[in-house]
Amino acid sequence: MSAEEVYEKKILDRFSDALIAFIVKIITLFKKDWAKKNKSRIDEWRLMLYALNRSPIGIAGLVLGLGFVIIGIIGPWIAPHSYDFSYIMATGKFKEYYLAPPGTGGALLGTDDLGRDLLSLLLYGARVSLMATVLVLPIGITIGIIIGLVAGYYGGAVDEILMRLTDVFLAFPGLILALAFSSALTQRIALAIAHSQFLTSLISSLFGVKPVDALNVAPVLSIIVALWIVWWPGYARMTRGLTLQEKNNVYVEASKALGLSSPAIMFRHILPNILGPIIVMMTLDIGGVILTEAGLSFLMGAMVKIPDWGAIVQAGSQYLVQGKWWLVIFPGLAILISVLGWNLFGDSLRDILDPRTRRSIEFKIKKKKKMEEGEEQ
Amino acid sequence: MSSPQFREPLIEVKDLYVYFYTYAGVVKAIEDMTFTIYKGEKFCMVGETGCGKSVTSRALANIVPSPGRIVKGKVIYYRDGKPINILELSEEQLREIRGKEIAYIVQDPSSALDPLYTIGYQIVETMIDHYTVKDWKEGYKRAVELLREVLMPDPEQRIKNYPHELSGGQRQRAVISIGLSNMPRLLIADEPTSSLDVTVQAQLLELLRRLVREHGLTLFLITHDMGVVAEMCDRVAVLYAGNIVELAPVDEIFKNPKHPYTMGLLRAVPNPQADIEKLEPIPGTIPNLIYPPPGCRFHPRCPFARDVCKREKPPLVEVGPGHYVRCWLHAE
């Protein structure tokens, strides 16, 4: 039984094996015998990682994507200066630090028109982008999945009403709709923040800004709320389609005949079976949210105080004609890399989640029975 | 050996009409269906593909799949002697009956189980949902007993398996044990063995027969196999194009078939005892149910068809004790 599990391994495979062994160990701490019962599941996990290890693009995407997440988390702490630190204010040397090119006296990536350190702004901006993704996707996707499941499962009039509603949202270009919503919402959100001590401290810690500046996060928050509104229709459509397909399976009819309730059938049986494509789309959408958020803040401008990538590009774009390229290129690169990373990873995730890929990987790298003892068991 | 008499009705189907509203037109899948299943009996429904057997069985639990609709009729279920019309219950009341009092075993065991859950989970799930067991722990204990009862080898291990890890026969046993998990009173088995090996088929039929005997279940078996009918049933309804054409105790059907379709059906099945030179297929094909033939639906294929058959639909008449036929040959 162990003979057929001898694989030809690369260095990364040993890494992933160690990772899975570690995860299994942790689970075994809480549930005894788990590893023994779920042996085939663990093997599948291992093969998934092997499949990932054999896709250079996927690895590159994962590294970039995870890099974005890590920098988003620790960015504000490793930034050389605070986001509101200005070389001009600190040193009084206006000429030297007004739009200083990269490398000038301590400012690695240069400074902007207020003399702020561009590198620090980008690191703080990573947190804002990360928070946008973290706040937009789960909520947008949950709304979309629930609407899609209900529409697909019940069909008929329910389906018709929910899908026409979805059509209404899809009929407007998402960016324009979000722009309209966010410009309408900014004032109200700012008001809410101003009146609540709790919101102020929560937002300042989430977005890595000082409590004084919590009010200035309102435009970003309004963008996030606007993105909830425009983000669900895609998921509703997809979930509905997948549900219609899955609903035809006999086990759905069988569970109905067994007297399971409709929510139980929808969420316990249909949803887990259609989750694969939804996860892939979610991964691809992480990049989408970063891009849309940056695009919206670029269009709305005016967020001078908050280090948002889109806003930095917008502020810097007026100096581009003067040859001050760094204000546009560096934030642009930051956006490009984080979006690209998740897109690449999402693409290869689709292959990894496909059981057929796993089988072919298994087949390809499996050695013929080795006579000497394999290192497994 | 005469079939035992069952007098107490369990479920009564009265004047049932089920239509399918498709783009091509209205498919009149079932018309004028009336029959009774008595408590404790093994009732069989037999007929060709597409004659409405499965639809009838689904109508009993009110799960006719869309675009099908029950146009009119009654399905009266006797719960502790009190009649309830299943077709008038709310979804919530239906859920209490489905799976708990009327259990359903589907045709294809390979797709009747959710691939993402272990069979143990799926057995316990229905019991939890119907409050048959207190908690999952008790449920799993009961699941092992159930699997042992349906003769699943090594049940303690099997409850941890996923459906794809089991063979077809084992899967069907799992499906049967899910059906039995809440000790239903009526077990509807829709061609439970048609996708299995002959040897496995025989085992499963024997198993069903034993379960009916030991638990006092009532079995409603749907099949196209006359051999299974002869083996399993007390009474048989022969279906043709959405109508019951003959309804009789099983011995009567085989010894004394009255309807030309039943006779044809029996001649089309090999009989090892009788030395027939070749099998006789029934000429023609089943009619298009969007435009069913007027009068008796069997007349285009019937060797005894007369003028009246083309004009008027024959009534269901009693020709012997418990023996009903829908044919003009016997209607006068």
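Rounded to the nearest 10 square angstrom, residue B:194 shows an accessible area of 50 square angstrom against a 1.4 Å probe.
Heavy atoms only, probe 1.4 angstrom, no DNA, RNA or ligands counted: give me A:195, A:269, A:81 ranked by accessible area, highest first.
Working: A:195 155, A:269 5, A:81 50 Å².
So the residues, ranked largest to smallest area, are A:195, A:81, A:269.
Semi-axes of the equivalent ellipsoid for segment B:56-110, computed as √(5λ) from the eigenvalues of its C-alpha gyration tensor and ordered from largest down, come to 19, 15, 10 Å.
State whether segment B:88-201 is rounded, prolate or oblate according to the following rule on the C-alpha gyration tensor (a ≥ b ≥ c being the square roots of its eigenvalues): a/c under 1.5 gives rounded; otherwise a/b larger than b/c gives prolate, and the remaining case gives oblate. Oblate.
Residues in segment B:225-266, backbone N under 15 Å from the label point at residue B:279 (7 Å along the Cα-to-beta-carbon vector): list them, ranges by number please. Answer for this model: B:225-229, B:264-266. For segment A:130-228, the mean projected area of the C-alpha convex hull, equal to one quarter of the hull surface, is 7.1 nm².
Within a straight-line Cα-Cα reach of under 19 Å, residue A:10 can be paired with the following lysines, leaving aside sequence neighbours fewer than 8 residues apart in one chain: A:364, A:366, A:367, A:368, A:369, A:370. May I ask you to list the lysines whose Cα is less than 20 Å away from that of residue A:25, ignoring any residue fewer than eight positions away on the same chain? List returned: A:36, A:37, A:39. Over chain A, Cα pairs under 8 Å with separation of 6+ residues give a relative contact order of 26 percent. For segment A:1-159, just say rounded, prolate or oblate: build the C-alpha gyration tensor, square-root its eigenvalues into a ≥ b ≥ c, call rounded for a/c under 1.5, and beyond that prolate if a/b exceeds b/c, oblate if not. Oblate, because a/c is 1.5 or more while a/b does not exceed b/c.
Largest accessible area first, the residues A:268, A:356 order themselves as A:356, A:268 under a 1.4 Å probe with ligands, DNA and RNA left out. Once the Cα atoms are used to define both axes, helix A:56-78 deviates from the longest principal axis of chain A by about 50 degrees.
Considering only the Cα atoms of segment A:73-348, their convex hull presents on average a projected area of 17.3 nm².
Max-minus-min Cα coordinates of segment B:25-122 on each principal axis give 42, 38, 28 Å, with the largest extent listed first. Working from Cα positions, state the angle (0 to 90°, nearest 10) between the long axis of helix A:197-207 and the longest principal axis of chain A. Computed tilt is about 80 degrees. Straight-distance candidates among the aspartates and glutamates for linking to residue B:313, with alpha-carbon spacing under 17 Å and chain neighbours fewer than 8 residues away dropped: B:15, B:31, B:32, B:246, B:332. The alpha carbon convex hull volume per residue for segment B:174-332 rounds to 151 Å³.
For the residues B:77, A:154, a 1.4 Å probe over the protein chains yields an accessible-area ranking, largest first, of A:154, B:77.
Between the helical axis of A:355-365 and the longest alpha-carbon principal axis of chain A there is an angle of about 80 degrees. Rounded to the nearest 100, the interface formed by chains B and A buries 1900 square angstrom of accessible surface, both chains summed, with a 1.4 Å probe. The residues of the protein assembly as shown have, on average, 48 Å² of accessible surface per residue, using a 1.4 Å probe with all protein chains present.
The figure for residue A:82 is an accessible area of roughly 40 square angstrom, using a 1.4 Å probe on the protein chains alone. A helix-only calculation puts chain B at -9000 deg cm²/dmol for mean residue ellipticity at 222 nm, using -39500 (n - 2.57) for each DSSP H run of at least four residues, averaged over all residues. Looking at the P(r) of segment A:30-92, how many percent of alpha-carbon pairs lie beyond 20 Å? That tail contains 61 percent of the Cα-Cα pairs.
Calculated on the alpha-carbon coordinates, the convex hull of the protein assembly as shown measures out at 229 cubic angstrom per residue.
Please compute, for peptide A:257-267, the average count of beta-carbon atoms on other protein chains lying within 10 Å of each residue's beta-carbon. Walk me through the numbers on the way to the answer.
Details: counts 16, 17, 17, 8, 4, 2, 0, 4, 1, 0, 0.
Average neighbour count from other chains, rounded to a whole number: 6.
Between the amide H of residue A:117 and those of A:87, distances stay under 5 Å, these residues lying 5 or more places away or on another chain, with hydrogens modeled in the peptide plane. Among A:139-152, B:14-27, the peptide with the highest mean count of other Cβ atoms within 10 Å heads the list, and the full ranking is A:139-152, B:14-27. Solvent-free Debye calculation, one equal scatterer per alpha-carbon of segment A:298-353: log10 I(q)/I(0) at 0.26, 0.28 Å⁻¹ equals -0.96, -1.04. Peptide A:72-78 has a mean of 0 when you count, residue by residue, the C-beta atoms of other protein chains within 10 Å of its C-beta.
D by Stokes-Einstein for segment B:119-259, Kirkwood Rh over Cα pairs, 25 °C, 0.890 mPa s: 150 µm²/s. Sorting the Cα pairs of chain B by distance into bins of 10 Å, from 0 upward, gives 5, 25, 33, 24, 10, 3, 0 percent per bin. Could you let me know the centre-to-centre spacing of segment B:191-266 and segment A:171-218, using Cα atoms, in angstrom? Taking the Cα centre of segment A:171-218 as reference, the centre of segment B:191-266 is 70 Å away.
Measure out, as a whole number of angstrom, how far apart the alpha-carbon centroids of segment A:67-92 and segment A:257-325 sit. Computed from Cα coordinates, the inter-centre distance equals 24 Å. With 18 Å as the limit on Cα-Cα distance, the pairs of B:14/B:82; B:42/B:72; B:39/B:100; A:95/A:305; B:14/B:258; A:93/A:210 that go past it are B:42/B:72; A:95/A:305; B:14/B:258; A:93/A:210.
Within chain B, the whole DSSP H helices whose Cα atoms reach 20 Å or more along their own axis and whose mean Kyte-Doolittle score is at least -0.5 are B:198-215. In terms of the Cα gyration tensor, with a ≥ b ≥ c the square roots of its eigenvalues, is segment A:200-295 rounded because a/c is under 1.5, prolate because a/b exceeds b/c, or oblate? Prolate.
The values are calculated or read from the model by the stated rules, or taken from the named source; none is laboratory data. Nothing here was measured: the structure is a model prediction, and the numbers come from that model. Methodologically, a virtual Cβ is constructed for each residue, glycine included, from the backbone with ideal geometry; neighbour enumeration extends over all protein chains shown. Keep in mind that these areas ignore ligands, DNA and RNA; they rest on the heavy atoms of the full protein, side chains included. Shrake-Rupley method; radii C 1.70, N 1.55, O 1.52, S 1.80 Å.
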